[in-house]
Amino acid sequence: MAQFFSVHPANPQPRLLKQAAQLLRDGGLAAVPTDSSYAVIARLDDKSAADGLRRLRGLDERHHLTLICRDLAQIGHFARVDNKQYRLLKAATPGPYTFILEATREVPRRVSHPSRKTIGIRVPEHPVTLGLLELVGEPLLSTTLIPDGETDALNDGELIRERYEHELAAVIDSGACPAESTTVIDLTGDEPQVLRLGRGDPAQLGIA
């Protein structure tokens, strides 16, 4: 049964975030608000939790999972970033963008794309998620909370609890967040390529 945490969207209560962080450390999945819909998250080094995340979403190993990081500095430990990519990331983070980058050896092979050895990376602009990342002390594995077989991301904590109360360890509710997914941009080629257009505007980053 999922524990439900009702937190302030701008000043989340540390006591509640600490309880949610412990559930993640214990191997649970959590639904959290971001600047672009809700995401479901798990610890990066917890294989069973990562498997549960894929199972909840109905994803196979070819679907890119995403590491949510608390800042740009943390990204460099888990993705290879050249100077051109760094400038783009600096302009886009924090924000509603996910970037596909070459994974470093710090990323478990079972998490990166099996053939391309790439990983999604993002820094969300939401106090609740950033506060949780600070408490956990490491990036978290995530994917947009889109129900299996559907196309729209969920953005209502109460509805998420009703729908996934037996699959999740925690639902962190801070009110409705945007109902759009992130914009996904592949940075592994010669030029950035938009793979999914979402809430983030590529034009603001100079990408056609």
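The values are calculated or read from the model by the stated rules, or taken from the named source; none is laboratory data. If you're wondering where the values come from, they're calculated on a predicted model, not measured in any experiment. All Cβ positions, glycine included, derive from the backbone under ideal geometry; neighbour counts span all protein chains shown. Accessible surface is based on the protein model in full, side chains and every heavy atom, while ligands, DNA and RNA are left aside. Shrake-Rupley method; radii C 1.70, N 1.55, O 1.52, S 1.80 Å.
Looking at the range 106-130, which of the residues that are in contact with a helix residue (DSSP H, G or I) (Cβ under 7 Å, 6 or more places away or on another chain) and farther than 18 Å from S37 by Cβ is least open to solvent (accessible area, probe 1.4 Å)?
This residue is V111.
Name the one entry in A79, A73, A103, A92 that is farther than 24 Å from A20 by Cα and in contact with a helix residue (DSSP H, G or I) (Cβ under 6 Å, 6 or more places away or on another chain). So that I can check it myself, show each step before the final result.
Working: A79 fails: in contact with a helix residue (DSSP H, G or I) (Cβ under 6 Å, 6 or more places away or on another chain); A73 fails: in contact with a helix residue (DSSP H, G or I) (Cβ under 6 Å, 6 or more places away or on another chain); A103 fails: in contact with a helix residue (DSSP H, G or I) (Cβ under 6 Å, 6 or more places away or on another chain).
That would be A92, the only listed residue that is farther than 24 Å from A20 by Cα and in contact with a helix residue (DSSP H, G or I) (Cβ under 6 Å, 6 or more places away or on another chain).
Could you list all residues from the range 18-38 that are in contact with a helix residue (DSSP H, G or I) (Cβ under 8 Å, 6 or more places away or on another chain), in a helix (DSSP H, G or I) and open to solvent by 10 Å² or more (accessible area, probe 1.4 Å)?
Those that are in contact with a helix residue (DSSP H, G or I) (Cβ under 8 Å, 6 or more places away or on another chain), in a helix (DSSP H, G or I) and open to solvent by 10 Å² or more (accessible area, probe 1.4 Å): K18, R25.
Quick one: in the range 176-203, which of the residues that are more than 18 Å from the chain's Cα centre (by Cα) and in contact (Cβ under 8 Å) with a residue 60 or more places away in the chain is most open to solvent (accessible area, probe 1.4 Å)?
If we take residues in the range 176-203 being more than 18 Å from the chain's Cα centre (by Cα) and in contact (Cβ under 8 Å) with a residue 60 or more places away in the chain, then T188 is most open to solvent (accessible area, probe 1.4 Å).
What do you reckon, is A169 open to solvent by 20 Å² or more (accessible area, probe 1.4 Å), in contact with a helix residue (DSSP H, G or I) (Cβ under 9 Å, 6 or more places away or on another chain), more than 30 Å from L205 (Cβ to Cβ) and of a type in the set (A, V, I, L, M, F, W, C)? Break it down into steps so the answer makes sense when it comes.
On the way: open to solvent by 20 Å² or more (accessible area, probe 1.4 Å): yes; in contact with a helix residue (DSSP H, G or I) (Cβ under 9 Å, 6 or more places away or on another chain): yes; more than 30 Å from L205 (Cβ to Cβ): yes; of a type in the set (A, V, I, L, M, F, W, C): yes.
Taking the combined requirement at face value, the residue satisfies it.
May I ask you to verify whether G137 is under 18 Å from Q19 (Cβ atoms), free of Cβ contacts under 8 Å to residues at least 60 places away in the same chain and open to solvent by less than 70 Å² (accessible area, probe 1.4 Å)? Explain how you work it out, then say what you get.
On the way: under 18 Å from Q19 (Cβ atoms): yes; free of Cβ contacts under 8 Å to residues at least 60 places away in the same chain: yes; open to solvent by less than 70 Å² (accessible area, probe 1.4 Å): yes.
Yes: the conditions hold for G137.
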